[in-house]
Each structure stands twice: as structure tokens, then as C-alpha cells.
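> This is the structure, below, for whatever I ask next.
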Amino acid sequence: MRLSDTLTRAKRDLPDVPGPVRMYFCGPTVYDRAHIGNARPFVIGMWLRRWLAARGYDATLVHNITDINDKIYDAAPGASAALAARASEWYLEDTRDFGLGMPDHQPKASDVIPQMIAAIEELIAHGYAYAVDGDVYYRVAKFDEYGRLSGQRPDQVEEQEPNPRKEDARDFALWKANKPGEDTWWDSPWGRGRPGWHIECSVMAEQLLGPAFEIHGGGLDLVFPHHENEIAQSHALGHPFAKVWMHNGMLRPVGHAKMSKSEGNFETIRDAIDRWGRETLLVFFLTGHWSKPIDYSDETLRAAEARADSLREVFRNPSEAAAEGEWNRFVAALDDDFNTPEALAIMHSWRDQDLLRRALDVFGLASLADEEAAPPEVVELATRRQQARASGDFAEADRLRGEIAGRGWTVRDVADGFQLVRAPRAA
Ligand SMILES: [Zn+2]
């Protein structure tokens, strides 16, 4: 299997089965209900782990939660820790509702403070970091490969969080001295403070996966500075860190460049699941290649809903055995850069229920094979309609069809009676 890698700008091969394939996917900063854009790296990470497991790999997924951050202090002055704890639970609940299972580990930044302090001390000891007035900064000038991931020349790297205490505008914070209004802090060799954002991921990834692991994932918006800084931190300590850097394209509400809270146009995962259902959302994510942006709109969601329904339809009809080699076509699509749109197109061509159920199961969609049973009162209406038809009262039969439709069901006449199918929801 191979995957597109941001660092080498090429497709890189994964090791042979059984691996291991150890993966770290950056998770959200928790200060509110997470928006649907945050769900994409979660869904891709979980699908990849499910697919690797189905291929016989020993696959592990770590997905962190950032529970110390300026955004959290700003959102809940004086009560940031309580908000972060509550919003972490929301994120776990909301992502669990995709029905894909959960990552192997979901560490929080606040759980690894001593390990982060130790890593920062080691960076200082090696000359890669310096302390000033209770802050600690990474010395970018000392790290030759800086800028490689984001494709910037080392001497022209974009400035990060400018402030006069830094030796160089490119340097970034590893530790930040406690400021008024920040209600969480920890004691450190540099005084009371809290870690910067980037060090948490270097530390948690290595603690749970080791100093070398196969895949690091996250949204394309994390390439710089977050992932550039993770590489700088871990490579400075001589650790190989991630082999493949996998960045997913952003979700964009149609007509906008990016979906984010700061721009005020977003839908939460909770609202999206309540509005569309998990199956439609998963089919929606399947329609786009993970490395590309994907348009999020009522139109694209309705199209995904129609696709989900056409997959359900296969299970309402007799199964037709697929030709030899069809499963291998599906495997080839996913093994070559995890091409889910191509895999979906192949699935749409199948009428073989066993094969389709097996493929859907990779993506948490085996439920599309299970027809929802109609409630007894709807079955009774359909029985009365059948009797009306048999006695030639077609007006009554039509009236009953309308009543059934009003309850959200479609009645179909089949050889041995009738079939009740959930009607597509009104838009
Ligand atoms: Zn991260």
C-alpha cells in the first residue's frame, strides 16, 4: 500500500504486512462543539486503521486532544479547564456517533506536562532552545531542515507570533510564562507557565508510538507552522519521527475558502449528524479523495444521501454474483493512495450483496445492508392497500399509498406482496 507524502511530494510505500503501521493524527483544540471540518481527519484516520486491519496489518491510531490553548483561555476566562474537560467529552461523543469505533489512544496535552518539560530541557541542553523571562523558544536557525515540509527557504520562513524576547522572528514558543487571566499553569524550571502547542504532539506521538512511526496525519492547515515545528523538535533530538506526512484537504462551505469558527461559517459535527445522519455524512466523505478539498453544501450532502439510498437499494433486490477479480479492483483502489472515490464507484457497480456488504463494512456502512423494519401501523396500512387493490378499489389503494407516504414510507408491489422502504427525507 502507498500514500501521498507531503514531505517528499511523492507516494511512499508502507511496510509489508503485518507492519506495524503506527499513526498519529492531530486532533482538535477543545473549547466548543467541534465543527464538521474537524471530523475529516478523524474519519480518514479511522477508515485507514480499519482498512489496514482488514489487510492484515498491525495498525495503531493515536488522535490527541489539545486542552491547553489561548482559544480556551479566551472562551472561558477563569474556567478554562472546566470548559476544556466538557468540550473534550463533546468531541468524544460526537465522533463516537460516526459508528467507526474509536482511536487506540486519545491523549490530552494536560496529561503529559512532565514529559513535555523533559523534552524542552533536552532541547535546551542540545542548544536548540533558550529560556527568556519564563518563556522558552526553539532556535530555528540551528535546525538546517527547517521549512522543508512547508516548502519554504530556511532563511525566508514566515514569522511566528512576533515578540521582542525572541532571538529570531522565526523562533517559536515551547513554554509560555503564565499571564494574567490564564487560570491553568504548571511549575517548571523556568517558572510557572504552560506548554506551547507544538511540543505536545512531538511528545505524545513519541510516547505512544516510539521515536519512529509510519504515518503522521492532520488537516492541510497544520503543515505550517504546527507540523514544521513538530519535525524541528523531534529531529533536533535525533529521533526519526514520522515517515509519511498525510495532510487531508479542508472542507469548504461552497462560496467560502475554508470552514472555520473564526470566519463564522461552520456547522458542528453534532448538528451535521442530527441533520443528515451518519451514513449520509460517511458517504459524503467517501466522495472526495482525502488529499483534496471537498465542498460542503446542501447540494453535495443531498447527492451523498441519494448515493447512500442507491447502495441500500442493492439489498432490496436479488443478489447477482460479481465477476471474478472485482474485490481485487476495490483493494487496488484503496491500496493506491486510499482512493475512496474510486472505491465508491466500484461499489456502485456491484449487485453482489456479500461483496458489497464486506466493502461497506470497511467504512462503517454495513448498516446500509440492513433494511429498517416498518412500524406495525404502516405495515397495516400497506396490508389494507393490498386488499383494496385485490378488490378493485384503486381509489382507496391510492389514498392509502398517500397515507403511507405521509408517514415517511414508500410501498412497492413485488411478486409475493409488498415491500416497505424508507422514503428519502424531504429536502
Ligand atoms: Zn498536533
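Bear in mind that the values in this text are calculations on the coordinates, not laboratory data. Predicted, not measured: the structure shown is a model, and the values here were computed from it. So basically every Cβ, Gly included, is an ideal-geometry build from the backbone, and we count neighbours across all protein chains shown.
> List the residues whose amide H sits under 5 Å from the amide H of ALA212, counting only those 5 or more places along or on another chain, with H placed 1.01 Å from N in the peptide plane.
PHE241
> Each residue of region 117-123 in turn: what ³J(HN,Hα) in whole Hz from Karplus with 6.51, -1.76, 1.60 and θ = phi - 60°, glycine and Pro shown as x?
Working through the residues one at a time gives 4, 4, 5, 5, 4, 5, 4 Hz.
> Is region 1-136 rounded, prolate or oblate when judged by the Cα gyration tensor, a ≥ b ≥ c being the square roots of its eigenvalues, rounded requiring a/c under 1.5 and prolate requiring a/b larger than b/c?
oblate
> Continuing with the same structure: Kirkwood hydrodynamic radius (Cα pairs, Å) of region 375-427?
11.1
> Can you give the alpha-carbon Rg of region 239-390 over 2.2 N^0.38 Å, where N counts its residues? Working shown, then result.
Numbers: Rg = 19.5 Å, N = 152, 2.2 N^0.38 = 14.8 Å.
In units of the 2.2 N^0.38 Å rule of thumb, it is 1.31.
> Remind me, relative contact order of the chain in percent, using alpha carbon pairs under 8 angstrom and six or more residues apart? Before the final figure, lay out each step's value.
Working: 699 pairs, mean separation 67.2, N = 427.
With pairs under 8 Å counted, the relative contact order is 16 percent.
> With charges set only on the Cβ (+1 for Lys and Arg, -1 for Asp and Glu), what does the dipole of the chain come to about its Cα centre, in debye to the nearest 20?
Using only the charged Cβ atoms, the result is roughly 420 debye.
> Quick one: what are the phi-derived ³J(HN,Hα) couplings along region 152-162, Karplus 6.51/-1.76/1.60 with θ = phi - 60°, whole Hz, x for glycine and proline?
Using θ = phi - 60°, the values come out as 10, 5, x, 7, 10, 5, 4, 6, 10, 6, x Hz.
> Hey, what did region 300-364 get for relative contact order, percent, Cα under 8 Å, at least 6 apart?
Numbers: 32 pairs, mean separation 23.8, N = 65.
Result for region 300-364 is 37 percent.
> Another question about this same structure. Using only the Cα atoms, what convex hull volume per residue in Å³ does the chain have?
Hull volume normalised by residue count: 154 Å³.
> Another question about this same structure. Positive end of the charge dipole of region 92-182 (Lys, Arg +1 and Asp, Glu -1 on Cβ, about the Cα centre): tell me which of PRO164, LEU92, PRO107 has its Cα farthest that way.
PRO164
> Could you count how many Lys pairs in the chain have their Cα atoms under 16 Å apart, skipping same-chain pairs fewer than 8 positions apart?
9
> Follow-up. Mind ranking 213-222, 323-332 by how tightly packed they are, going by the mean number of other C-beta atoms within 10 angstrom, highest first?
For the peptides 213-222, 323-332, the packing ranking is 213-222, 323-332.
> Follow-up. Quantify how much of the Cα-Cα distance distribution of region 40-99 extends past 12 Å, in percent. Working shown, then result.
Details: 1279 of 1770 pairs.
Roughly 72 percent, rounded to a whole number.
> Please give the length that would be gained between ASN328 and ASP370 if that part of the chain were fully extended, namely 0.36 nm times their separation in residues minus their C-alpha to C-alpha distance (nm, one decimal).
Gain on stretching ASN328 to ASP370: 12.6 nm.
> Given the chain, what percent of its DSSP beta bridges are antiparallel, to the nearest 5?
50
> What are the residues whose amide H is under 5 Å from the amide H of ARG252, where those residues sit 5 or more places off or on another chain and H is modelled from the backbone?
Long-range HN contacts for ARG252: ILE294, ASP295, TYR296.
> Right, something else. Antiparallel as a % of all DSSP beta bridges within region 122-262, to the nearest 5?
60
> Please grab the % of Cα pairs in region 64-204 that end up more than 19 Å from each other.
58
> Can you compute 3J(HN,Hα) from phi for each residue in region 333-342, using the Karplus curve 6.51 cos²θ - 1.76 cosθ + 1.60 with θ = phi - 60°, rounded to whole Hz and x for Gly and Pro?
5, 7, 6, 9, 6, 6, 7, 5, x, 5
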